[in-house]
Amino acid sequence: MKVTFKIWRQDGPKDKGSLKSYPVDGLTEDMSFLEALDHLNEQLVLQDEEVIAYEYDCREGICGQCGVFINGRAHGPHPNVTTCQLHMRSFQDGDTIVVEPWRAASFPIIKDLIVDRSAFDRIIEKGAYISAKTGTAPEANAILIPKEISDQAMDAAACIGCGACVATCKNASAALFTAAKINHLNKLPQGKPEQHRRVKEMTYQMKEEGFGSCTFTGACEVECPEGISITNIAEMNARNLKATLFG
Ligand code: FES
């Protein structure tokens, strides 16, 4: 299988950057997308050229580090699939595949396809935890949680923080990410004692980081590899109002 990658090359945050073409032969349809990029990098090493910088950790759809735009779509052509779980069988022999980094002012480009997503870390630091004392694990059935609530909390907790929601949103809003991180804790009894402080401080930090406002276009939900629902955003807004009035 032979394709031409058109890949965004950029030396650093201040560099202008541009797309560069790389014809690559010897791929198979069973290769993952990242393995195809590995193959290209091996080719560049042999040609004594600088390799392409891209990010990954788990290659299992868990860590959220591998996100890029592929032919204009976050994580490529399929719904609910991360870049690392995409395979070359999703493309045709002879295709041209355009690969770009996330585009958002709050995610500055570090190099090539790697962006700085530490703005997400700073939102998390403001409240995506509970201040329980560590010690022996409590009895699992000590706090009973209705199945419907635990399911909703688990659905929100599935967010892997990849940033596709921000990158795909015309406002570069981080509302889906922030809402998922707030709701998975605020729904549970363990998260209730700090619920008002959590929603106020995390949404404040989201704005401080320069993310745009949510206008409910729904693009984030479509491109989220974990299928996080935008109902989480409506819930976050309601919780924020309640915390402001009564918290
Ligand atoms: S490398 Fe971890 S989600 Fe893709």
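Values quoted throughout were computed directly from the atomic coordinates according to the rules given, and no laboratory measurement underlies them. Since this is a predicted model, take the numbers as computed values, not measurements. Note that we place each Cβ from the backbone using ideal geometry, even for glycine, and neighbour counts take in every protein chain shown.
Values for this structure:
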read-out	value
Anisotropy class of segment 53-105 from Cα gyration tensor, a/c 1.5 cut	oblate
Per-bin percent of Cα-Cα distances, the chain [10 Å]	7, 29, 30, 19, 11, 4, 0
Most positive-pole-ward Cα, A142, C224, G72, against dipole of the chain from beta carbon charges	A142
Alpha-carbon centroid distance for the pair segment 1-68 / segment 179-202, whole angstrom	38
Charged-residue dipole, Cβ positions (Lys, Arg, Asp, Glu), the chain about Cα centre, Debye nearest 20	1360
Whole-number D in µm² s⁻¹ for segment 3-110, Kirkwood Cα-pair radius fed into Stokes-Einstein, 10 °C, 1.306 mPa s	111
Charge dipole (the chain, unit charges on Cβ, about Cα centre) - positive-most of V99, L34, C165	C165
Per residue convex hull volume, Cα atoms of segment 118-246, in Å³	113
Dipole moment magnitude, nearest 20 debye, segment 118-246 about Cα centre, only Lys, Arg, Asp, Glu C-beta charged	460
